[in-house]
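Worksheet: one structure, shown below.
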Amino acid sequence: MRKIKEILLNAITYLFSGFEVLVLGAILVYIFSNGFSSLSLELLTGNYYEKVETLEYTRQETIKDYLNPGLDDSYFSSKWGISFIDTENKAGEKIVMINYVDEYSPLLSMTNSSTKEYASLVEKQVITKVILEDLDGNMYLGFAKNGADSIAEAFDKGDIITNLVVTTSGGGIRGSLLTTLYLILLTLLIALPLGVGAAIYLTQYAPKNKITSIMQSMIDMTSGIPSIIFGLVGAIVFIPFMNNLIGSDGGSIASGALTLAIMLLPIIIRTTEEAINVIPTTYRNASLALGASSTQTTFKVILPNALGGILTSVLLSIGRIIGESAALIYAVGTAIKDTAIINQKSTSLAVHIWSLMSGESPNFELSCAISIVILVIVLVLSIITKLVAKKLNKFEVE
Amino acid sequence: MGKYLTNQINPNNIKHRAINDKITKAIFMAITVLCALVIVLIVIFVFIKGISPFINDYIIDGISYRVNFWGFLRGDFWFQPPNIYGAGFIIINTMYVTLLALLIAVPTSVFTSLFISKIAPKKVGSIVSYIVELLASIPSIIYGLFGVGIITKIVKFFAGLVNYQSAGGISTLATVLVLAIMIIPTITMLSTTSINAVKKDIINGSLALGASVTQTNFKVVLTSAKSGIFAGVILGVGRALGEATAISMVAGNAGGGPTFNLFDTTRTLTTTMLLGLKETLGLDYDIRFSVGILLIIIILLTNILLNVVKRKIGKVK
């Protein structure tokens, strides 16, 4: 009877552990099965918003005969060195896509008709309409609805492109990726000196009295504040502050970085303190006995030896910044951007997911693809943290 | 060498260095004071903004309004135009959801940590332990995504079994499940640490008295580690109360309440603050800071309460 009961109890622990394994498995399977297909280099480097441009090419050059790369099902214009293919977009509409541009093709140096800026055709862009003229002034039209062959034919006949409507597809996350990077750099730039400084004071200089312990527990309490409250503070303190300082309009990457910085202070202080505390006191005493001043000891003995702990705190902070969403929704905003400019609104990767999911029609595929990116970064960070901890805790002698 | 030494012993230089040290110390102290004051500033700023709906006039369509404070504390409807806000039911919902999440998370975490450190073969234990660490490092937005994609579907299926029309699975139950999944790793990690820290003597003593290994694990080890387990629970409660993005994706922001039916939509303090955030001016924006005050107070009170309880049960007799 007792045996059965014991087996049952042990089985329960297996069951509950199995549940946790199952949860991780389910999350991974769900994220990967939905997002893996849209994972590509274009996702990371592409714009989020679809861009429609009207381009022209009016210079006249001696036309070369470009070599046909001979791609399957494509139509090649040997006069311009470009190849087209018939395909379908996600909505199932027929489109004509560029699938090859010769590296010497004049199409790499076109002009935007409205802004007169330099533009070039690249692979994967979609052509809707093209109007060309030959030297005698005859017009040749190519429309996507007539297929890739009609466009290639029009290209082959004309000498000047007067109107070319080209669409660069969206759905990329370059802006959010850059924003996340900026946030990490700016936040650490602000938080690291403050956090390490406070840790040095608390471990090296602070007298052991009531005030010190109150300050210590105040810092500890800060870590118990939920991130959304930090977001509120960012919204009412840092956004107006940054508006005055760098002329931003509403939330900006800078205000987000300040918010994240005060949020991460407790982690950085705690981790650095732990690293300093394991440095043997003999190091410090030896340095002082050799005649070094306390400032010299701090910067030349204590800091270098605490480097591992500081690095750990940096890694932990990066993980937190990448995953943070609630604070940034308030302190920066939820407008997805293709460029990351410090005094403007933008979204980090996590907030990008939030924006995609809180809209009218949630985009699960892209959200899951971004989640994969986040998960991979978080996983790599956790592995590096483990390695750093193993390599650098030379004082941990038991 | 001699010159260098005289330079070091030079009284002027020593004085100079002493001043240097004082300046360095002062700078570090200023930084520390600044870091410690962050929490005070947070509370002050959120309070100033948060009490503004109750003491200042807001002009809506040409008529000035302010919000009734007691009505706000007791209300069972979030918003009745133009100026009646109620958060009483939201507080109850938040507590209810957190409590249910704990009911799932605490047993799961405690048994898993016992499995990791005492019952499982070493290799399996370390693998499970690593899985728990991974779960802890997954950002909340991904849990939210998982909640919308999978958990709401499961809830919808169960609601269908009992013939209940749920809002596509967006419900109290989905919120509870997402919260539970999110706080399990936190509690598990702390419990594992405290179970590992149980002294070998206690375990050996129990075994020597004739108790079986399983009896020792469940009766002696868990009892000795309960203080650490409770610390994990406190951390988990904090995380559950403060979690915002993930649960706002599955809670559904019910207009009124409180909601006790598991298949109905709910609304917690954090989801109220996050959802429908469009304007950054006016009453509807400022009232979110009032909800923020409530959140801070609730977290503070729960923390104090739980710490008192921890001190009471923490003593191993």
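Among the lysines, which fall within straight-line cross-link reach of B:LYS156, defined as a Cα-Cα distance under 30 Å, with same-chain neighbours fewer than 8 residues apart omitted?
Filter leaves A:LYS90, B:LYS278.
With +1 assigned to the C-beta of every Lys and Arg and -1 to the C-beta of every Asp and Glu, and no other charges, what is the dipole magnitude of the protein assembly as shown about the Cα centre in debye, to the nearest 20?
4980 debye
Holding the Cα-Cα limit at 29 Å, pick out from A:LYS390/B:LYS200; A:LYS208/B:LYS310; A:LYS390/B:LYS25; A:LYS5/B:LYS153; A:LYS208/B:LYS219; A:LYS210/B:LYS312 the pairs that are longer than that.
Beyond 29 Å between Cα atoms: A:LYS390/B:LYS25; A:LYS5/B:LYS153; A:LYS208/B:LYS219.
Residues of B:286-295, mean number of Cβ from any other protein chain within 10 Å of their own Cβ, rounded to a whole number?
Counting Cβ atoms of other protein chains within 10 Å of each residue's Cβ and averaging gives 3.
Run the dipole for chain A about the Cα centre, Lys and Arg Cβ at +1, Asp and Glu Cβ at -1, nothing else charged, and hand back the magnitude in debye, nearest 20.
Roughly 2660 debye, rounded to the nearest 20.
I need the fraction of alpha carbon pairs in the range B:44-97 separated by more than 19 Å, rounded to a whole percent.
That tail contains 35 percent of the Cα-Cα pairs.
Please report, to two decimal places, log10 I(q)/I(0) for the protein assembly as shown at q = 0.06, 0.07, 0.11 Å⁻¹ as given by the Debye formula with identical point scatterers on the Cα atoms and no solvent.
Here the Debye-derived log intensity ratios amount to -0.48, -0.63, -1.21.
Let me know the shape class of the range A:50-168, please: from the alpha-carbon gyration tensor, a ≥ b ≥ c as square roots of the eigenvalues, rounded when a/c is under 1.5, otherwise prolate if a/b is greater than b/c, or oblate.
rounded
Hey, can you grab everything whose amide H is under 5 Å from the amide H of B:PHE77? Only 5+ residues off in sequence or another chain; H modelled, so Pro and N-termini drop out.
B:GLY86
In whole Å and largest first, what semi-axes does the C-alpha gyration tensor of the range A:247-370 yield when each eigenvalue is scaled by 5 and square-rooted?
After diagonalising the Cα gyration tensor, the semi-axes are 42, 16, 10 Å.
Using θ = phi - 60° and the Karplus relation 6.51 cos²θ - 1.76 cosθ + 1.60, list the HN-Hα couplings for the range B:230-245 in order, rounded to whole Hz, with x at every Gly or Pro.
5, 4, x, 4, 4, 4, x, 4, x, 5, 5, 5, x, 5, 10, 4
Taking +1 at the Cβ of each Lys and Arg and -1 at the Cβ of each Asp and Glu, which of A:LEU258, B:ILE104, B:ILE304 sits farthest along the dipole of the protein assembly as shown towards its positive end, judged by Cα position relative to the Cα centre?
Checked the options; the winner is B:ILE304.
Under 5 Å between amide H atoms, partner at least 5 residues away or on a different chain: which partners does B:ILE60 have, H built in plane at 1.01 Å?
B:TYR65
On a straight-distance basis, which lysines could pair with A:LYS94 in a cross-link, Cα separation under 16 angstrom, same-chain partners fewer than 8 positions away excluded?
Qualifying lysines at Cα under 16 Å: A:LYS124, A:LYS129, A:LYS145.
Please return the longest range in chain A lying between exposed loop sites, taking trypsin sites (Lys or Arg not before Pro), DSSP loop only, at most 14 other beta-carbon atoms within 10 Å, and leaving the sites out.
A:209-393
Figure the gain on full extension for B:VAL124 and B:ALA167 (residue separation times 0.36 nm, minus the Cα-Cα span) and round it to one decimal in nm.
So the chain would gain 11.5 nm between B:VAL124 and B:ALA167.
Can you give me the convex hull volume of the Cα atoms of chain B, divided per residue and expressed in Å³?
Convex hull of Cα atoms, per residue: 260 Å³.
Once amide H atoms are placed 1.01 Å from N in the peptide plane, what residues at a sequence separation of 5 or more from A:ILE95, or on another chain, have their amide H within under 5 Å of its amide H?
A:THR87, A:GLU88, A:ASN89
Once the Cα gyration tensor of the range B:1-145 is diagonalised, what are the square roots of 5 times its eigenvalues, in whole Å and ordered largest first, as equivalent ellipsoid semi-axes?
Three semi-axes, in Å: 51, 39, 12.
Quick one: 3J(HN,Hα) in Hz for the range B:289-298, Karplus 6.51/-1.76/1.60 with θ = phi - 60°, rounded, Gly and Pro as x.
Along the range B:289-298, the couplings run 6, 4, 4, x, 4, 4, 4, 4, 4, 5 Hz.
Please compute the Cα-Cα pair-distance distribution of the range A:114-184 with 10 Å bins starting at 0, giving whole percents from short to long.
All Cα pairs considered, the percentages come to 17, 37, 25, 12, 8, 1.
Which whole-Hz couplings ³J(HN,Hα) result when phi for each residue of the range B:213-228 is put into the Karplus expression 6.51 cos²θ - 1.76 cosθ + 1.60, θ = phi - 60°, listed in order with x for Gly and Pro?
Taking θ as phi minus 60°, the curve returns 4, 5, 4, 4, 4, 7, 9, 8, 4, 4, 5, 5, 8, 5, 5, x Hz for the range B:213-228.
Every number in this text was worked out from the coordinates using simple rules, so none of it is lab data. Since this is a predicted model, take the numbers as computed values, not measurements. Don't worry about glycine lacking a Cβ; one is built from the backbone with ideal geometry, like all the others, and counts go over all protein chains shown.
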